[in-house]
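The values are calculated or read from the model by the stated rules, or taken from the named source; none is laboratory data. Keep in mind it's a predicted model, so treat the numbers as computed, not measured. Here the Cβ positions follow ideal geometry from the backbone for every residue, glycine too, while neighbour counts run over all protein chains shown. Note: accessible area is taken over every heavy atom of the protein model, side chains too, but ligands, DNA and RNA are not part of it. Shrake-Rupley method; radii C 1.70, N 1.55, O 1.52, S 1.80 Å.
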Amino acid sequence: MPEATAPRAAPLARAAGSRAPTATPTPRRSGRGFTLVELMATIAIVAILAGTALPSYRDYVRRGQLPEAFSSLADYRVKMEQYYQDHRNYGSSACADASGGPAWASFSPGASSNFGYSCELLSSGQGYRITASGKSGAAAYGHSYRIDHSNNQTTTVFKGTTVAKSCWLSRGSEC
């Protein structure tokens with residue numbers, strides 16, 4: 001059974017000399033593509049997210065490289081103490097410099113990609129200070145850590161700023 005349709009409304013009466021009303025065509029969206037406003041809003045959101053996430057990511061990468069220095073410095077300290085037990089000094093003119101000295105005396109671990117290491121003698125060979133400095137190009141660049149014969153761990157440069165802290169800083173500026 002066919003459905004009943006509503007009767008059409010009667011056309012409005014026109015005044016004499018007036019034109020027939022014309023329908024304004026509405027723009028049709030074909031369903032493809034985006035408007036400029038939509039694109040600009042998306043770009044703004046992505047820019048805000050990137051502006052927030054990128055510094056956090058860089059800090060995350062930097063903090064991930066610092067343990068290399070901490071573990072290598074602790075390892076060198078143990079090796080220097082073993083050297084002292086065998087030779088009764090940490091070296092005569094350079095760290096661990098006895099003839100036939102250990103292979104590690106160059107203080108350049110093979111797996112070190114983020115830090116460079118150096119050692120200096122103190123108190124006529126009865127003390128030493130080993131320094132780890134971030135290499136240029138690494139996220140750890142601008143960091144410098146030290147350890148000495150008394151196991152004093154110090155931070156001398158942190159995030160490019162000279163500091164004097166009696167610990168190895170990795171995150172904040174306090175021990």
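Below, the figures for the structure above:
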{"quantity": "Between region 41-62 and region 123-154, the Cα center-to-center distance that results, in Å", "calculated": "33 Å"}
{"quantity": "Extension gain (nm, one decimal) between SER124 and ASP75, 0.36 nm per residue minus Cα-Cα", "calculated": "15.4 nm"}
{"quantity": "Mean Cβ neighbour count within 10 Å, used as a protection proxy, ranking 81-93, 59-71, 97-109, 138-150 highest first", "calculated": "138-150, 59-71, 81-93, 97-109"}
{"quantity": "Computed log₁₀ I(q)/I(0) - Debye formula, equal Cα scatterers, no solvent, region 86-161, q 0.16, 0.27, 0.28 Å⁻¹", "calculated": "-0.64, -1.22, -1.26"}
{"quantity": "Accessible surface of region 60-175, 1.4 Å probe, proportion on carbon and sulfur as whole %", "calculated": "46 percent"}
{"quantity": "Placed amide H near VAL163: partners under 5 Å, 5+ positions off or other chain", "calculated": "VAL157, PHE158"}
{"quantity": "Pairwise FRET efficiency - ALA111 versus HIS87, Cβ, R0 = 30 Å, nearest 0.05", "calculated": "0.65"}
{"quantity": "Residue-wise HN-Hα coupling along region 129-141, computed from phi with Karplus coefficients 6.51, -1.76, 1.60 (Hz; x: Gly, Pro)", "calculated": "9, 9, 10, 10, 10, x, 6, 4, x, 8, 5, 7, 4"}
{"quantity": "Using θ = phi - 60° and Karplus 6.51 cos²θ - 1.76 cosθ + 1.60, couplings along region 150-166 (whole Hz; Gly, Pro as x)", "calculated": "9, 6, 7, 9, 10, 10, 9, 9, 9, 6, x, 10, 5, 9, 9, 10, 8"}
{"quantity": "Sites VAL46 and SER173 - FRET efficiency at Förster radius 41 Å, r taken between beta-carbons, to 0.05", "calculated": "0.80"}
{"quantity": "Accessible area per residue, Å², region 19-175 with all protein chains present, probe 1.4 Å", "calculated": "65 Å²"}
{"quantity": "Mean projection area, nm², convex hull over Cα of region 22-175", "calculated": "14.6 nm²"}
